[in-house]
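Report on the structure given below.
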Amino acid sequence: MSELAIELKGIDKSFGLVHANRNINLKVRKGTIHGIIGENGAGKSTLMSILYGFYQADHGDILINGQKVNIRDPNAAIAAGIGMVHQHFMLVENFTVLENIMLGAEESQILNAGITKARAELKRLEKEYALEVDPDAVIEELPVGIQQRVEILKALYRKADILILDEPTGVLTPAEADHLFRILGQLKDQGKTVLLITHKLREIMAITDEVSVMRRGEMVATRTTSETSVEELAELMVGRRVLLRVEKGEAKPADVKLSVKNLTVRDSRGVTMVDDVSFDLRAGEIVGIAGVAGNGQSELLEAISGIRRAKSGMVLLNGRPVDVTGNADPAELRKCGLAHVPEDRHHVGLVLKFEESENAILGYHDDPKYRKGFTLDIDAIRAEAEEKIAAYDIRPPNPRLKTANFSGGNQQKIVLAREMERNPDVLIIGQPTRGVDVGAIEFIHRRIIEMRDQGKAVLLVSVELDEIRALSDRILVMFAGRVVGERAPDATEGELGLLMAGVEGPKEAAE
Amino acid sequence: MSVPYAKLPAWAEYGLIPLVNLAVAFLISGLVVLIVGESPLEAAYHMINGAFGRGEYIGFTLYYTTTFIFTGLAVAVAFHAGLFNIGGEGQAYVGGIGVALACLALDRTLPWYLVFPIAIVGAAFFGALWAMIPGWLQAKRGSHIVITTIMFNFIAASLMNYLLNKVFKPLGSMSLETRTFDAGGQLPKLDWLMSIFGLSVGNAPFNISFLLALVAAFGVWVLIWRTKLGYEMRTMGHSPAAARYAGIKEAKIIVITMMISGGLAGMMALNPIMGEQFRMQLEFVQGAGFVGIAVALMGRSHPAGIIPAALLFGMLYQGGAEISFEMPSISRDMIVIIQGLVILFAGALEHMFRPAITRLVIGLSPKARDVAATKGA
């Protein structure tokens, strides 16, 4: 057994009564890729924050390369050779790659000498790890995959021997993810240690050497990856057996419920985000829209649901035209049978500061049944919220609790309960399971399929290709604002991945 | 990255933290008094005694309180919709037109209890009108409400100067004010209320608009937490994106919210015009619109917080006047410093002691720990 890069002994951390990390012991061998998996709220992020110096543990020791260290802040972590690539990149968007890499490590007030040195060092790192990046490119003009590479270079520039990656593939295409894994492999070959935090079991199986599973603040198991299985890991994460595949019968598509014709949407800067998109959505089918985040899916959903003006094109809901280029009104569309589960539940689908019952009527608050004279009928609103809480098993079952205090999965259930219980004809759903734990994913997927089986038309947008393939009856792939292909759900991941990267799409879409 | 989340129990959130902030503000004020070479204890005595020592003093304190309840509510209503209405000063000033018109037209023919409702409507109407314009400009033209409401304070000042000079001033008078109203334009004092507690209101202008302020406070609570309009305002205030998603008409809510806010600010004019001076004078608002911002901040934009916050500022005004009267080396400006410190600690630095207090409370009280435990980290 080779020596340990990281050893955690009895790490304990509480926030008030919340025991976020409970007596965590972890051994990470030098020169390996070590995966850490767990549901949301299992304590992964807290543990990594302790390791990177954002928080201090209440008890326990951290040993780096066998030496006990005291990591008071991120600077101490960097000094100990730990680098972190955050889920949301910590880059200054309008700085160049070189400026970003130097940021915080400028060494003197006058930048010139530092720049020359940094440029040379960057060249060396690029060669050593095959991480090609143009040092003078501006960050905001780079694709996400490359931005992530800059984050890795930033850590290496600070002489990191241990690299922590927090959910690194969330924003990547399958091809970009593969490229990242190759880079990680190279880093490992050079003797670096990689800690990979993810909830995607497939990635764990693909590239880690060892994997540790966290559940409810505890480290429940560590396995050698080659000796475990996806099923075992899922069970360890959730604490019970999980159905990873949703059961679903044949679709029985009926009438067209939603028809999108030549829809073009521009963002506030005038950049075309949705480019001449047309498709039909029928009752009793789920159409999935696959694509890497930022290829126009969000804008498409927003235009259909009346939140964002379209530049041109037509949308027919139940055969009636919707004024998507003019005065389409989300409230009016709801009355016509459209329900919308937005991608961003924190800022759009919910008001986190509201109590649960207040969010349970968001968008439907106009309904006379919630009114009593001049005022809202708070009792009726809370009573209805309680029914939904029971039906969707929302926990804790308290309609008066502030929404921010629910977990991600339960927050998503609040939105789903609100939108599904209205018995809509058309349900459009963005990222149904983003930030949702495995147990709740199963529940949400079952509900979506139930909606289809009840004859609803479901439009599903997700960046999780597995989810799209598991739920959809037809898959449309979006790239650069266009629908570049339609496939059956049994299309291979490779085929869809190429479409998502714009490789097989029509020439003009690949611009 | 999850952030450790701890919610304080209500008594700490709404009681302990404001009290600690206040205590620090007074401590530093004490230091200032000490530097001037006076005794802080004596100053504190005069402050408390001047505000509450006699029925008449209490009357003055509550008179100021009335004014600050109105302007505080005005700012709070706009806050809930995410709008920062700094124009309470101008709106209250222009609201005076409504009061003055009602009184000048009717004070000789109708009793006060008939003139009062008309004056209320007039004050609210002119205040709302003055706030509607910046609201409309933001809703339709995207002009930022903070900038426009500040501008409108200056415009209001000039406009009122003109109106008092050219329209309201009686012929031959030298001072910039309307004529004094007759009985119909004079609100009764709340003698009976004070006498319940065995106190006499004396010369203090503590009048019936205090009750109106309390009614307005209750009305604001109903509006914000119990009506559809309030629901839509709060949705927009917390998350404009969620409001758009819910189909809430942003422009409409902005204009209506500003009108309600301006109407409340305008109603402040009833207190000095109909309740104290019985005429409209130049600059009768005297900064109350700005104090309203501090009151709303300190009261957490909740009527139940605004009333005690208004009382606190009423006390500072009345007690402060008493200090500078009794202790000549402490000038009016010193009182402004003390008020400034209260605003600084209660409003701007509101979160300074929060982490320490949170640790303390959560360490001491098992119940508070349970509240904190509802959110996983």
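Looking at the structure I just gave you, is B:Phe79 under 20 Å from B:Met258 (Cβ atoms), within 14 Å of chain A (Cβ to nearest Cβ), at pLDDT 95 or above and not in a loop (DSSP other than H, G, I, E, B)? Here the answer is yes, as B:Phe79 does meet what is asked. Of all the numbered requirements in (1) surrounded by fewer than 18 Cβ atoms within 10 Å (Cβ to Cβ); (2) at the interface with chain A (Cβ under 9 Å from one of its Cβ atoms), B:Gly219 misses one, and that requirement is (2). The residue that is nearest to B:Phe181 (Cα to Cα), among those in segment B:278-305 that are aliphatic (A, V, I, L, M) and in contact with a Phe, Trp or Tyr (Cβ under 8 Å, 6 or more places away or on another chain), is B:Met280. Filtered by the rule that a residue be assigned to a helix (DSSP H, G or I), in contact (Cβ under 8 Å) with a residue 40 or more places away in the chain and more than 9 Å from chain B (Cβ to nearest Cβ), segment A:331-349 gives a lone residue, A:Arg345.
Which residues, taken from segment A:16-40, are buried (at least 21 other Cβ atoms within 10 Å of the Cβ) and within 10 Å of chain B (Cβ to nearest Cβ)? Within segment A:16-40, A:Gly16, A:Val18, A:Ala20, A:Asn21 qualify.
One residue stands out among those in segment A:317-355 that are under 19 Å from the mean Cα position of the chain (by Cα) and of a type in the set (A, V, I, L, M, F, W, C): the one that is surrounded by the fewest Cβ atoms within 10 Å (Cβ to Cβ), which is A:Leu352. Of everything in segment A:373-386, what is of a type in the set (Lys, Arg) and closer than 13 Å to A:Ala417 by Cα? Give them in sequence order. Correct list: empty.
Number of residues in segment A:265-308 that are away from chain B (no Cβ under 14 Å) and out of contact with any strand residue (DSSP E or B) (no Cβ under 6 Å at 6 or more places or on another chain): the value is 8. Which residues, counting only those in segment A:227-253, are hydrophobic (A, V, I, L, M, F, W, C) and either surrounded by 13 or more Cβ atoms within 10 Å (Cβ to Cβ) or in the same structural domain as A:Val194 (by TED's automatic domain parsing) (or both)? Matches in segment A:227-253: A:Val230, A:Leu233, A:Ala234, A:Leu236, A:Met237, A:Val238, A:Val242, A:Leu244, A:Val246, A:Ala251. In this structure, is A:Asn75 more than 14 Å from every other protein chain (Cβ to nearest Cβ) and either assigned to a strand (DSSP E or B) or surrounded by 18 or more Cβ atoms within 10 Å (Cβ to Cβ) (or both)? No: the conditions fail for A:Asn75. The number of residues in segment B:107-124 that are buried (at least 20 other Cβ atoms within 10 Å of the Cβ) and part of a helix (DSSP H, G or I) comes to 8. Among the residues making up segment A:157-166, those that are in contact with a helix residue (DSSP H, G or I) (Cβ under 9 Å, 6 or more places away or on another chain), surrounded by fewer than 23 Cβ atoms within 10 Å (Cβ to Cβ) and of a type outside the set (Ser, Thr, Tyr) are A:Arg158, A:Lys159, A:Ala160, A:Asp166. A residue that is loosely packed, with under 14 Cβ neighbours inside 10 Å, part of a helix (DSSP H, G or I) and over 21 Å from the mean Cα position of the chain (by Cα) occurs somewhere in segment A:210-226.
Against the test of being at pLDDT 95 or above, touching a helix residue (DSSP H, G or I) at 6+ places or on another chain (Cβ under 9 Å), closer than 24 Å to A:Met451 by Cα and assigned by TED's automatic domain parsing to the domain that holds A:Arg434, the options A:Ala391, A:Ala360 yield a single qualifying residue, A:Ala360.
One line per residue, one yes/no per condition, for (1) of a type in the set (Lys, Arg); (2) under 30 Å from A:Asp367 (Cβ atoms):
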position: B:Gly185; (1), (2): no, no
position: B:Asp191; (1), (2): no, no
position: B:Leu199; (1), (2): no, no
position: B:Ser209; (1), (2): no, no
position: B:Val220; (1), (2): no, yes
position: B:Ala241; (1), (2): no, yes
position: B:Lys252; (1), (2): yes, yes
position: B:Gly266; (1), (2): no, no
position: B:Arg279; (1), (2): yes, no
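Could you please find all residues in segment A:300-316 being more than 22 Å from the chain's Cα centre (by Cα) and among the charged types (D, E, K, R)? Those that are more than 22 Å from the chain's Cα centre (by Cα) and among the charged types (D, E, K, R): A:Arg308, A:Arg309, A:Lys311.
The criterion of being within 13 Å of another protein chain (Cβ to nearest Cβ), touching a helix residue (DSSP H, G or I) at 6+ places or on another chain (Cβ under 8 Å), more than 28 Å from B:Arg226 (Cα to Cα) and modelled with pLDDT under 80 does not hold for B:Arg359. Looking only at segment A:365-382, decide whether some residue is more than 12 Å from chain B (Cβ to nearest Cβ) and part of a loop (DSSP other than H, G, I, E, B). So far as segment A:365-382 goes, no, none of its residues is more than 12 Å from chain B (Cβ to nearest Cβ) and part of a loop (DSSP other than H, G, I, E, B). Only one of these conditions is not met by A:Leu122: (1) more than 28 Å from the chain's Cα centre (by Cα); (2) crowded, with 18+ Cβ neighbours inside 10 Å; (3) at pLDDT below 85. Which number is it? Condition not satisfied by A:Leu122: (3).
Each row is one residue, and each column tells you yes or no for (1) small (Gly, Ala, Ser); (2) farther than 20 Å from A:Ile152 by Cβ; (3) without any contact (Cβ under 8 Å) to a residue 24 or more places away in the chain.
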| residue | (1), (2), (3) |
| --- | --- |
| A:Tyr52 | no, no, no |
| A:His59 | no, yes, no |
| A:Ile64 | no, no, no |
| A:Asn70 | no, yes, yes |
| A:Met84 | no, no, no |
| A:Gln87 | no, no, no |
| A:Phe95 | no, no, no |
| A:Gly104 | yes, no, yes |
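Got at least one residue in segment B:297-305 being more than 26 Å from B:Gly53 (Cα to Cα), at pLDDT below 95, part of a helix (DSSP H, G or I) and under 12 Å from the mean Cα position of the chain (by Cα)? Within segment B:297-305, one or more residues are more than 26 Å from B:Gly53 (Cα to Cα), at pLDDT below 95, part of a helix (DSSP H, G or I) and under 12 Å from the mean Cα position of the chain (by Cα).
The sole residue among A:Phe479, A:Phe406 that is surrounded by 24 or more Cβ atoms within 10 Å (Cβ to Cβ) and within 14 Å of chain B (Cβ to nearest Cβ) is A:Phe406.
Just to be sure, is A:Leu352 touching a residue at least 24 places away in the same chain (Cβ under 8 Å), within 11 Å of chain B (Cβ to nearest Cβ) and in a helix (DSSP H, G or I)? Against the criterion (touching a residue at least 24 places away in the same chain (Cβ under 8 Å), within 11 Å of chain B (Cβ to nearest Cβ) and in a helix (DSSP H, G or I)), A:Leu352 does not qualify. Restricting segment B:241-252 to residues that are facing chain A (nearest Cβ under 9 Å) and surrounded by fewer than 21 Cβ atoms within 10 Å (Cβ to Cβ) leaves a set whose member that is farthest from A:Gly430 (Cα to Cα) is B:Lys249.
Can you work out which of the residues in segment A:387-402 that are of a type in the set (D, E, K, R) and either surrounded by 17 or more Cβ atoms within 10 Å (Cβ to Cβ) or farther than 14 Å from A:Ala417 by Cα (or both) is nearest to the chain's Cα centre (by Cα)? Of everything passing the filter in segment A:387-402, A:Lys402 is nearest to the chain's Cα centre (by Cα). I'd like to check something: does segment B:281-294 contain any residue that is touching a helix residue (DSSP H, G or I) at 6+ places or on another chain (Cβ under 7 Å) and within 14 Å of chain A (Cβ to nearest Cβ)? No, there is no match, as no residue in segment B:281-294 is touching a helix residue (DSSP H, G or I) at 6+ places or on another chain (Cβ under 7 Å) and within 14 Å of chain A (Cβ to nearest Cβ).
The values are calculated or read from the model by the stated rules, or taken from the named source; none is laboratory data. A quick note: this is a predicted structure, and the numbers were derived from the prediction, not measured. Reconstructed Cβ throughout: ideal geometry from the backbone, glycine too, with neighbour counts over all protein chains shown.
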